[in-house]
1. Of 67, 128, 123, which has the most accessible area and how do the rest follow, probe 1.4 Å?
2. If each residue of separation counts as 0.36 nm, what is the full-extension length gain between residue 139 and residue 70 once their alpha-carbon separation is subtracted?
3. If I build a Gaussian network model for the chain, linking alpha-carbon pairs within less than 10 angstrom, which residue out of 201, 185, 70 has the largest mean-square fluctuation?
4. Could you provide, to the nearest whole Å², the per residue accessible area of the chain with probe 1.4 Å?
5. Residues with beta-carbon under 14 Å from that of residue 8, excluding residue 8: net charge, scoring Lys, Arg +1 and Asp, Glu -1?
6. Report the Cα centroid-to-centroid distance between segment 190-238 and segment 107-131 in angstrom, as an integer.
7. Quick one: putting +1 on the C-beta of Lys and Arg, -1 on the C-beta of Asp and Glu, what dipole do you get for the chain around its Cα centre, in Debye to the nearest 20?
8. Which of 29, 46, 204 moves most in a GNM of the chain, Cα contacts under 10 Å?
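The values are calculated or read from the model by the stated rules, or taken from the named source; none is laboratory data. None of these values were measured; they are calculated from a predicted model. All Cβ positions, even for glycine, are placed from backbone atoms using ideal geometry, and neighbour counts span all protein chains on display. For accessibility, only protein heavy atoms count, side chains too; no ligands or nucleic acids. Shrake-Rupley method; radii C 1.70, N 1.55, O 1.52, S 1.80 Å.
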Amino acid sequence: MLDVTILPILSDNYAYIFKIGETVGIVDPGEAAPIIDYLELNNLKPDYILITHHHFDHVDGIEQIKSKYNCIVIGPTAEQSKIYGIDKRVCETDTLDINGEDVQIIETAGHTMGHICYYFKNSKVLFSGDTLFAMGCGRLFEGTAKDMFHSFKKLRALPNDTTVYCGHEYTIDNAKFCLSVDGDNAALIERAKEVQTIRDNNKPTIPTTMGLEKKTNVFMRCDTAQEFKKYRDLKDNF
Ligand SMILES: [Zn+2]
């Protein structure tokens, strides 16, 4: 049974601590201090660090955490030269076994070319990094809209009851954008109100679910790469 704790770090990033029995892992430690504080407070020793992509706000905590706990760093083969201390390189054909959980690697080029998502099959949990956000999608720093569209298609194939943990709290802005292009969508209107209340109370709007994204995220609702590009371009100037 996978247990996930959300740790807000930096200005609007989320790092995650997961537990499977006695096994502990960290996803995307963009800074070390708040993560080490949490681990110490809860008497936890991490076994793994999982990295979705090479950006500083996802990797800058690796060095300090690894030197303190000597944990195994797992990250995308395609970005190994840009990520400190990688021990295990993974790509789409790989499945990891983390204390009995099958973890499927999904390559999701777009935000960066080597970006990967981690899908914990048995628990139906996805760590989507900066590919899929609640009601949004990552900026195209390295890939094209077509790349990202194909990455979204892969994620869309996951079950509706997949729990999704993403890399940033961008939900309010994303909801505003979705409403600007899909304002008659009742599920979206309802959700936009819900996330506003959550943020007014200073709580994370994460996790989301794949089913909810399919209903409310305009990028997840696109059927063609052209349509996807149109929305991505509009969002860039929103
Ligand atoms: Zn990023």
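1. On the way: 67 95, 128 0, 123 35 Å².
In descending accessible area the options line up as 67, 123, 128.
2. On the way: separation 69, 0.36 × 69 = 24.84 nm, distance 3.28 nm.
Between residue 139 and residue 70, full extension yields 21.6 nm more.
3. Ranking 201, 185, 70 by mean-square fluctuation puts 201 first.
4. Values: 10610 Å² over 238 residues.
Here the residues of the chain average 45 Å² of exposed surface.
5. Result for the neighbourhood of residue 8: -4.
6. 17
7. Working: 26 positive and 35 negative charges, 108 e Å.
That gives the chain a dipole magnitude of about 520 debye.
8. 204
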